[in-house]
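Structure first, then comments.
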Amino acid sequence: MKKLIVFIGFAAILNQGHAQKKQLTIEDAMLNARTSLAPENLKQLQFIRGTDNYVYLKKLSGVDTWMQGNYSSREETPYLTLHSFNQKLRAASMDTLVSMPVIQFYKDYLVTTVKGQKISFSNDNSYKIIIDKATSEKDNVEESKDGFVAYVDNQNLYVAKNGNAKKVTEDGSDDIVYASTVHQSEFGITKGTYWSNNGKLLAFYRMDQSVTGNYPIIDWSDRPAKVNNLRYPMAGDSSHHVTLGIYDAMSQKTIWIKTTGHAEQFLTNIAWSPDDQFVYIVIVNREQNHFWVNQYNAASGEFEKTLFEEKDDKYAEPLVPMLFVKNKPNQFIWQSKRDGWNHLYLYHIDGTLVKQLTKGEWDVIDVKGFDEKGINIYYVSTQVSPISKNLYAVNIKNGKSKLITEGNAVHNTTISEDGKFVIDNYSTPQNPRTIQVVDVKKGKSKLLLQSTNPLEKFGQGEMSIFTIKNNEGTDLYCRLFKPVNFDSTKNYPVVVYWYGGPHAQMILNGWNGGAGDYWFQYMSERGYVVFTLDTRGSSNRGKAFEQQIFRRAGEKQMEDLMAGIDYLKSLQYTDYNNMGLFGWSYGGFMTIDFMLTHPGIFKAAVAGGPVTNWKFYEIMYTERYMDKPQENPEGYDATDLTKRIDKLKDKLLLIHGMQDNVVVMQHSVNLVKAAVDKGVQVDYMIYPGHEHNVLGKDRAHLYQKVTDYFMQNLH
């Protein structure tokens, strides 16, 4: 009897040890996932420009130190300490720092921003202020190679150098916008200024949005609340008019590019010729099914020629400007989905196609640049797997490709200037992070860091990535987290998270299955099965996979989710009478659409920042995928969720940021009004001060709200 008591006591100790695995808090899952619980990393790891040496920041004897090494070196040596950097600051009569700032390294000098001033330091401690504090506080600041700085102040464009500023435009206003993103930042547009290669000519956007109506965004923090008007062109309405100017910083003169065509066309993918004589604009028609790659004279603004054009029976969406081949100014690389997949094409500057450089049923998803001689171009593709990212080099002359990175993983890479070495930072679902330097020619690598599992002390649900077939026999990638301490004889409630729209991919062969936070693990600790699938319409599966949504947003995605539900029901351990659905933005629209189309499947749902009527979303995105409301009334009517809210039979929580300038709050307000009119109960949560995404510390509050909602309703 005494031995039995001892055995039971020992077993209890073992169980207690297992039970002592920590649980994530909501702050751990949503905030610390990117800080203290993120996989170990090498801060600001980069090549020193013009060399094959790498540097990164670490603590050496408690002091911030930039360590330097290369592929061949066995040991790393200090490159720059905080003490020596503070000496540079003192020499520049600037205040010293208690920690190393973010630094960009160049061959013989470094550049950093300290207290609003962008400064370059040479090895001899001499310095030059590139952007002073006053300029840095302006909008859309961009420096040129020749030291000119463009910025926007009081809605007008200025160009400055050595403290002397020239006002380039005079009529900037709420109606006339200069040097800023245009076309709602679609078509890959992220800025409004484009310096020439020599840094003396500036191409800049001018947007006349007076034809678009004002949309009120309420600032609730003032007393009384104030209206901040936003120009927001909605589907089917008038669109803004965009032109492109060229400012010569030497002569201080401006000319305007003489584009022709409809005023509401889109001017995208701005590029300069290597000799700066020409500027290239990809002109997209309002219908977004036809574009022209046009060449214009940068001195006169005159149209020179159309290099080529592309059409599509659904939509054409150029996202990346032409890239001129290194050391061959008469050739450029163009990315196109013309054969059904995003690939690289080599063109002569006269518009003649030389050859297709990459080909296959996979997508090129990024171009990283050329090697030293311009013989090879490096690109990232999904050739290994649609959910992996690997680096390749293709020989421009013979078209032969070489795989640089290995494994079914997500590789993030940086290439040395001569193209001989690659910093490879990769992860897999089992491996939080590996960082290595790869010798491209030899195919060998040097390990810099192997991260341990940051969740090792926490209870973790087993994650798996797999495919299922939809009703057409197409593979759909899925990710599933099982509950912690999983017992196959039990039934567990299920939470499904999805998105379903273009330009997004939920599932990757990377750490945490591609999820950026640990909320799925957080829910698995609390006894939930958490399931995600990438439906048709999502990215990196080819043009046909994405274009399935054309003119009928939601239809094919819901069919794919039904395939996922059938899979979940086939699992003996899922309680399919207690399932919840969650999506944000396009995923919020999809969530409500599914709840109204297929009532009774999900017991509760959360829709954040949802589109509820595509007539109220912006022109560029909506008309690409849905055409104009006047052209596709049936499609718009089918996706107007306010008309079908009476179909809601289950619990629904709507969440919206009150300053949302992407999916304006009117979407959820209109849905609530329709629900009230039809006697339907919905739950509603607002986040004052937040735009389309709830960020910062309030993100933990948001996900606690979502968690609580499922816990209250799935039982």
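List of remarks:
- Looking only at the range 454-468, and only at residues there that are within 28 Å of the chain's Cα centre (by Cα) and touching a residue at least 24 places away in the same chain (Cβ under 8 Å), the one that is nearest to GLY537 (Cα to Cα): ILE468
- Within the range 343-440, strands (runs of 3 or more DSSP E) holding 2 or more residues that are among the aliphatic types (A, V, I, L, M): 343-348, 353-356, 364-370, 376-381, 390-395, 410-415, 421-427, 434-439
- Any chance GLU310 is outside the structural domain of GLN630 (by TED's automatic domain parsing), farther than 23 Å from LYS400 by Cβ and surrounded by fewer than 17 Cβ atoms within 10 Å (Cβ to Cβ): no
- When residues in the range 577-601 are screened for being assigned to a loop (DSSP other than H, G, I, E, B) and farther than 24 Å from LYS678 by Cβ, 1 of them pass.
- Test: residue in the range 583-604 that is under 21 Å from GLY527 (Cβ atoms) and within 26 Å of the chain's Cα centre (by Cα): no
- Candidate set: the range 97-139, residues that are assigned to a strand (DSSP E or B) and of a type in the set (S, T, N, Q); chosen: the one modelled with the lowest pLDDT: SER122
- Top-ranked residue in the range 423-451 [being touching a Lys or Arg at 6+ places or on another chain (Cβ under 9 Å) and among the hydrophobic types (A, V, I, L, M, F, W, C); ranked as surrounded by the fewest Cβ atoms within 10 Å (Cβ to Cβ)]: LEU449
- Residue tally, condition touching a residue at least 40 places away in the same chain (Cβ under 8 Å), within 21 Å of PRO39 (Cα to Cα) and not basic (Lys, Arg), over the range 439-452: 4
- Meets criteria (among the small types (Gly, Ala, Ser) and either touching a strand residue (DSSP E or B) at 6+ places or on another chain (Cβ under 6 Å) or surrounded by fewer than 14 Cβ atoms within 10 Å (Cβ to Cβ) (or both)) for SER239: no
- Taking residues in the range 36-48 that are closer than 12 Å to SER451 by Cα, and partners anywhere that are surrounded by fewer than 16 Cβ atoms within 10 Å (Cβ to Cβ) and among the hydroxyl-bearing types (Ser, Thr, Tyr), the pairs with Cβ atoms closer than 8 Å and at least 6 places apart or on different chains are GLU40/THR452.
- Within the range 245-265, residues that are free of Cβ contacts under 8 Å to residues at least 12 places away in the same chain reach no partner that is in a strand (DSSP E or B) and surrounded by fewer than 12 Cβ atoms within 10 Å (Cβ to Cβ) with beta carbons closer than 7 Å at six or more positions or on different chains.
- Matching residues, the range 387-407, being of a type in the set (Val, Ile, Thr) and more than 23 Å from the chain's Cα centre (by Cα): VAL394, ILE396, ILE404
- Candidates GLN630, GLN659, filtered to the one that is closer than 29 Å to GLN184 by Cβ, outside any helix (DSSP H, G or I), within 29 Å of the chain's Cα centre (by Cα) and in the same structural domain as ARG552 (by TED's automatic domain parsing): GLN659
- Tally, over the range 575-602, of residues that are surrounded by fewer than 21 Cβ atoms within 10 Å (Cβ to Cβ) and of a type outside the set (A, V, I, L, M): 9
- Residues in the range 108-118 that are farther than 26 Å from ASP52 by Cβ and buried (at least 16 other Cβ atoms within 10 Å of the Cβ): THR113, VAL114, GLN117, LYS118.
- Selection of first residues in the range 117-131 that are within 17 Å of ALA160 (Cα to Cα) and assigned by TED's automatic domain parsing to the domain that holds VAL102 and of second residues that are at pLDDT below 85 and not in a strand (DSSP E or B), restricted to Cβ pairs under 6 Å at least 6 apart or on distinct chains, gives the following pairs, ordered by first then second residue: GLN117/ASP132; GLN117/LYS133.
- Test result for GLN87, out of contact with any Cys (no Cβ under 9 Å at 6 or more places or on another chain) and assigned to a strand (DSSP E or B): no
- Among all positions in the range 222-230, there is at least one residue which is under 25 Å from the mean Cα position of the chain (by Cα) and either in contact (Cβ under 8 Å) with a residue 40 or more places away in the chain or surrounded by 14 or more Cβ atoms within 10 Å (Cβ to Cβ) (or both).
- Residue match in the range 200-209 (condition: outside the structural domain of LYS118 (by TED's automatic domain parsing), crowded, with 17+ Cβ neighbours inside 10 Å, out of contact with any His (no Cβ under 7 Å at 6 or more places or on another chain) and over 19 Å from TYR280 (Cβ atoms)): no
- Sole exception among (1) out of contact with any strand residue (DSSP E or B) (no Cβ under 6 Å at 6 or more places or on another chain); (2) over 29 Å from ASP677 (Cα atoms) for THR574, by number: (1)
The values are calculated or read from the model by the stated rules, or taken from the named source; none is laboratory data. The shown structure was predicted, so the numbers you read here are calculated from the model rather than taken from an experiment. We place every Cβ from the backbone using ideal geometry, glycine too, and count neighbours over all the protein chains shown.
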